[in-house]
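Structure first, then comments.
The values are calculated or read from the model by the stated rules, or taken from the named source; none is laboratory data. Predicted model only: the values in this text are computed from it and were never measured. A quick note on method: Cβ atoms are made from the backbone with ideal geometry, for glycine too, and the neighbour counts reach across all protein chains shown. Protein only, heavy atoms only, side chains kept; ligands, DNA and RNA dropped before computing areas. Shrake-Rupley method; radii C 1.70, N 1.55, O 1.52, S 1.80 Å.
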Amino acid sequence: MSDRPVYEFPADLIEKLRAARHVAVLTGAGVSAESGIPTFRDALTGLWAKYDPMTLATREAFQENPRLVWEWYTWRRNRVGEADPNPAHYALVEIERRVPHFTLITQNVDGLHHRAGSVHVIELHGNITRVKRFDDDVIVERWEDNGLDPVRCPDTGSLLRPDVVWFGELLPAEALQTAQAAAVNCDIFFTIGTAAMVEPAASLPRLAMNYGTPVVIVNPAVTLRSSSSLYLLKGPAGQILPALVQATWGV
Ligand code: APR
């Protein structure tokens, strides 16, 4: 016998999911927690314990000490490289295969949705594996790092930085517009593994709700109350999502 908990899902949620033509999903750090990737707020351990991420993930911090910020991201990138997608990522791939139109909006920069096989992914906060020029945001594929000096573009000499959205920076406009359109047009909106506190991503489930769309929250720490249009699935995404796929499509 399996010792996995058995989840009971509301029958009308299963019906709505089976009938949905367009499913939109917002994911956050909680989806990658079971892959062993520390969330942004608890990323700082060991060598980095004395730094506050808020003071590292800004343009000002980078301008002041580009080498320090570069090294922090190298450390984070290496941890992402060692991680694998988990059952939550794979369950989202299964949902994408079963609904006609699927939009996966992620705040995560780890690229694990792509690695799991999701196709329609909007990376609202960028991707930690890419590097771009500080001066003009052009993506750069090759550079040299002597381990000491700030890393620069070999063509222009601009400082190089990770292609992620730092505090105080605007989100990529097209990605945000596509995400908002999905929130407005979908039949069900999922909010999975995110505290939904950082704008503008946090407003996407509200936008869906304003259009009368059912919203499903998957999080072990939910404290809200369910209603006819708000479904709370309390537990780890790596267990809830495969169980939901099984209950809906029998796979
Ligand atoms: N399954 C589902 N949810 C989980 C799991 C899990 N196994 N483990 C933790 N969670 C939930 C937590 O309860 C919390 O609500 O995931 C959420 C993670 O919240 P945050 O750490 O605030 O991450 P996120 O919402 O993605 O942060 C948004 O803020 O830090 C910045 O730019 C960064 O993209 C990030 C953004």
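Remarks
- Per this entry, residue 171 is counted among residues that are within 14 Å of the chain's Cα centre (by Cα) and surrounded by fewer than 20 Cβ atoms within 10 Å (Cβ to Cβ).
- Selection count, the stretch 183-215, where residues are over 16 Å from the mean Cα position of the chain (by Cα) and open to solvent by less than 40 Å² (accessible area, probe 1.4 Å): 6
- When residues of the stretch 105-145 are limited to those that are more than 16 Å from the ligand (Cβ to nearest atom) and open to solvent by less than 30 Å² (accessible area, probe 1.4 Å), the one farthest from residue 159 (Cα to Cα): 118
- Helices (runs of 4 or more DSSP H) contained entirely in the stretch 30-120, each with at least 2 residues that are closer than 16 Å to residue 190 by Cα and either hydrophobic (A, V, I, L, M, F, W, C) or within 15 Å of the chain's Cα centre (by Cα) (or both): 87-98
- The residue list 154, 205 contains one member that is part of a loop (DSSP other than H, G, I, E, B) and more than 10 Å from the ligand (Cβ to nearest atom), which is 154.
- Filter pass, residue 148 being open to solvent by less than 60 Å² (accessible area, probe 1.4 Å) and either over 18 Å from the mean Cα position of the chain (by Cα) or free of Cβ contacts under 8 Å to residues at least 60 places away in the same chain (or both): no
Matching residues to (1) touching a helix residue (DSSP H, G or I) at 6+ places or on another chain (Cβ under 7 Å); (2) closer than 28 Å to residue 77 by Cβ; (3) in contact (Cβ under 8 Å) with a residue 60 or more places away in the chain:
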residue	(1), (2), (3)
136	no, yes, no
158	no, yes, no
173	no, yes, no
184	yes, no, no
196	yes, yes, yes
203	no, no, no
213	no, no, no
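- Yes/no for residue 102 being of a type in the set (Phe, Trp, Tyr), open to solvent by less than 30 Å² (accessible area, probe 1.4 Å) and farther than 30 Å from residue 249 by Cβ: no
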